[in-house]
């Protein structure tokens, strides 16, 4: 087993763009185990938070740090090997479904024969084995998202960031994505996910982080959050009220 890259610590993290502070002084620790679901209204900073955690953006101020045994900081290359991210709109290569899954294994130096075996197993898990040779970009939206998750699965990430992975999908496709996410969790992968779907959040969350205006307003176990939110903003959000 590789040394863990968790916990992930954000210390006083802020992010500014075009003179606006979009993330404001976040201090959060993500530990292994519970599925962390990030909720909040549009513009709260949910997607930005995931991008900062994943390393796609650098904070304007503050620190994002991964740690291993003995709190020894991990270098960027090592962290990148053990985390993955799936977006609302999957980013896919102009290749077959199978080639999309074998490509990251090739970058890791996995032998060609072993690459195909692992990729086919990942496609089978995602229910895409029959579509292995189909061009990835002609797949349906739900199939493309499952392909993105198969590509993540084959890398065996310790942490998986998911940004609205079922947005614009029908209920059947959504349930299949949720089943894959649950499989990651049961396999030991830390899930950090944004969603606008409160029903989905109730189904998947172990804990909820509620953002508003770039600030962490509330963090609580899922049952506590949904039954008895402590903050005025979270209570209003759950009732469907607009937040400004």
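Bear in mind that the values in this text are calculations on the coordinates, not laboratory data. Everything quoted here is computed from the prediction, not taken from an experiment. Please note: Cβ atoms are built from the backbone with ideal geometry, for glycine as well, and neighbour counts cover all protein chains shown.
Values as computed for the structure displayed
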| read-out | value |
| --- | --- |
| Length-normalised contact order of the chain in % [C-alpha pairs under 8 Å, at least 6 apart] | 27 |
| Label-point separation in nm, residue 227 to residue 198, each point 7 Å along Cα→Cβ | 1.7 |
| Shape category assigned to region 153-244 from the gyration tensor of Cα positions, a/c cut at 1.5 | prolate |
| Paramagnetic reach from residue 32 (point 7 Å along Cα→Cβ, amide N under 16 Å) across region 151-171 | 156-160 |
| Ellipticity estimate at 222 nm from DSSP helix runs (n ≥ 4, -39,500 (n - 2.57)) divided over the chain, nearest 500 | -11000 deg cm²/dmol |
| In nm, spacing of pseudo-spin labels at residue 114 and residue 77 (7 Å Cα→C-beta vector) | 1.8 |
| Computed lengthening from residue 133 to residue 91, 0.36 nm per intervening residue step minus Cα-Cα distance | 13.3 nm |
| Estimated distance in nm for a label pair at residue 170 and residue 219, the labels positioned 7 Å out from Cα along Cα-to-Cβ | 3.9 |
| Rounded to 10°, Cα long-axis angle of helix 97-107 versus longest principal axis of the chain | 80 |
| Degrees between helix 112-125 axis and first principal axis of the chain (Cα, 0 to 90, nearest 10) | 60 |
| Kirkwood hydrodynamic radius over Cα pairs of the chain, then Stokes diffusion coefficient at 25 °C and 0.890 mPa s, in µm²/s | 131 |
| Counting DSSP beta bridges with both ends in the chain, the antiparallel % (nearest 5) | 55 |
| Computed over region 82-121, Cα set: Rg, Dmax in Å | 10.8, 31 |
| C-alpha long axis of helix 171-186 to longest principal axis of the chain, angle in ° | 90 |
| If the convex hull is drawn through the Cα atoms of region 89-156, its volume per residue in Å³ | 74 |
| Rg/Rh (Cα only; Kirkwood hydrodynamic radius) as it applies to region 12-54 | 0.98 |
